[in-house]
Amino acid sequence: MKLTRWLIAGVVVLSSLSPTPAVGHAQSANLAGADGLGDPYFPQDGNGGYDVGHYEVTLGYDPVGHQLTGSTRIDAHATQPLTAFNLDFDGPPVSAVRVNNMPAGFVRQDPHELVVTPALPLLPGLPFTVTVEYAGVAADTAGEGWTYAPTGGAFAAGQPHSAATWYPLNDSPRDKATFTLHATVPAEWEVMSGGARVRDEVRDGFRTVSWEQRHPVIGYLTTVAIDRFEYLEQRRANGTPLLSAFAPGAEQLRAHEQRLPEVLDFTESLYGPYPFDNAGGIYLSAPLPFSLETQTRPVYADWADLNTVVHEVAHQWWGDSVSVYSWSDICLNECLASYTADYLWPERMEGVDVDAEYRETIRKVMDKPKFWAVPLQDPGPEKMFTSVYYRGPLFLHALRKQLGDAVFFGALREFVSAHAYGHGSMPEFRAFMQSKSPVDLTGFFDAWLHGTTPPPDQFLYPGGLRG
């Protein structure tokens, strides 16, 4: 995510088919999936007892009345015996739930839990399907999920949450899954999403569009955007198709997206092959406070510039392919994307002396306690989108100088490759980079990642960085 203000996851038990009371400690805990996966910042995000393999989301949307009709099928497998399990959902009223094509009991609980009781228990290791039907007015979250567009359409975007406002899911970075979207809207509207567009047809006054994400994706990295788009189609030299869309009023941003092949080539030269089969961007005329790295096709606010494009493209490696395991690892996403856009692109594409910029920045902030107050690793849920943007690039530039370019960039490529389509954490990143250095980096990492004051000079100016 790029913020506008910064330069910056066999027992047979009979169960009722009617809505079921909340699953709590009074029930057998080992037969009910947990209502969260224990993320230190958002402990109720995600759900225990199962792992999702695929989502198939079928939507109908009326932009005039904001009516959303949905049917979401989830293919999963149980990781424990389950007489009940939870989904994360904060969307319109649910009318029916089926598990393995049999009616299931369900009840909704605050803040975003849909508790499902299957007719028959689910056995560990076996696959199962869940289908949830829902319909009603889709509320405007104003950038925290389903959002009304100023142009009359709608889009879904938000971090760390957004998906649960428009489809039920296991809403945690820890449970990636492939994703298919079918969306039907009045014929005069267009539908954008991530991945490959495999269907776009108009019949009887309605348009139905289907999109497929063939690589696993996290909920907040899925999106749908409904608007009267104009399109830009491009193709990389290696054949990767690029499809981008511009809402009315966003046409002036087209020049930035025309450089997408160049940006992809540049980022690939840093971190290895582009990890997906498609790319592009969704340009909105909405004054969001952020742009977001939705997988393969980022969502851009109306203030986006080329720096924003470079930042969100870098996230396709750092955040989308290699995703955080816990939100306390947010530096793995944002520090790397910010360094790519704020240091590496200016240095290699524009001839900027980034060593000099680094030294000047340090000079300006040495006596500013607020600048150093939020640690990069484990910044806390209220501060997770702060220091990673402005201190993150400084940390990585110092690390680069500590290790040398060959070791630093080689290690980044190795780390991305080793964790592709999975997860990484800051402790893993730290240990991996240490493994590439004969020098003990404990003090360096502690000062930069956990410190709340300026690092000592030997860590601020390694490798002759003082100049």
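The values are calculated or read from the model by the stated rules, or taken from the named source; none is laboratory data. Since we're looking at a predicted model, the values are computed, not measured. Virtual Cβ from ideal backbone geometry, glycine too; neighbours counted across all protein chains shown. Heavy atoms of the whole protein, side chains included, go into the accessibility calculation; ligands, DNA and RNA do not. Shrake-Rupley method; radii C 1.70, N 1.55, O 1.52, S 1.80 Å.
For region 450-461, the count of residues that are farther than 18 Å from Arg363 by Cβ and part of a helix (DSSP H, G or I) is nonzero. Taking the criterion of being at pLDDT 95 or above and within 26 Å of the chain's Cα centre (by Cα), would at least one residue in region 99-108 satisfy it? For region 99-108, residues at pLDDT 95 or above and within 26 Å of the chain's Cα centre (by Cα): present. Residue check: Thr83 meets all listed conditions (1) touching a helix residue (DSSP H, G or I) at 6+ places or on another chain (Cβ under 8 Å); (2) under 30 Å from Lys383 (Cα atoms) but one, namely (2).
Of all residues in region 358-379, those satisfying the criterion of being under 21 Å from Arg430 (Cα atoms) and open to solvent by less than 50 Å² (accessible area, probe 1.4 Å) are Trp372, Val374, Pro375, Leu376, Gln377, Pro379. Given the condition under 21 Å from Trp345 (Cα atoms) and either of a type in the set (D, E, K, R) or assigned to a loop (DSSP other than H, G, I, E, B) (or both), answer yes or no: does some residue in region 226-249 qualify? Within region 226-249, one or more residues are under 21 Å from Trp345 (Cα atoms) and either of a type in the set (D, E, K, R) or assigned to a loop (DSSP other than H, G, I, E, B) (or both).
Only residues that are within 23 Å of Glu382 (Cα to Cα) and either in the same structural domain as Ala301 (by the TED database) or surrounded by fewer than 18 Cβ atoms within 10 Å (Cβ to Cβ) (or both) were counted across region 133-181, and they come to 3. Note on region 59-102: residues that are in a strand (DSSP E or B) and over 24 Å from Ser172 (Cβ atoms) total 8. Regarding Val115, is this residue open to solvent by 10 Å² or more (accessible area, probe 1.4 Å), within 17 Å of Thr165 (Cα to Cα) and more than 21 Å from the chain's Cα centre (by Cα)? When the stated conditions are applied, Val115 does not pass them. The set of residues in region 171-202 being outside any strand (DSSP E or B), of a type outside the set (Gly, Ala, Ser) and within 20 Å of Phe246 (Cβ to Cβ) consists of Glu188, Trp189.
Pairs meeting the criteria (first residue in region 306-319 and in the same structural domain as Ala418 (by the TED database), second residue assigned to a helix (DSSP H, G or I) and among the hydroxyl-bearing types (Ser, Thr, Tyr), beta carbons under 6 Å, at least 6 apart or on different chains) are lacking.
Taking each residue of region 239-266 that is closer than 18 Å to Asp227 by Cα and looking for partners that are open to solvent by 50 Å² or more (accessible area, probe 1.4 Å) and aromatic (Phe, Trp, Tyr) with beta-carbon atoms closer than 9 Å, six or more apart or interchain, yields Leu243/Tyr231; Ser244/Tyr231; Ala245/Tyr231; Phe246/Tyr231. The selection criterion, being surrounded by 24 or more Cβ atoms within 10 Å (Cβ to Cβ), within 15 Å of the chain's Cα centre (by Cα) and of a type in the set (S, T, N, Q), holds for Ser323.
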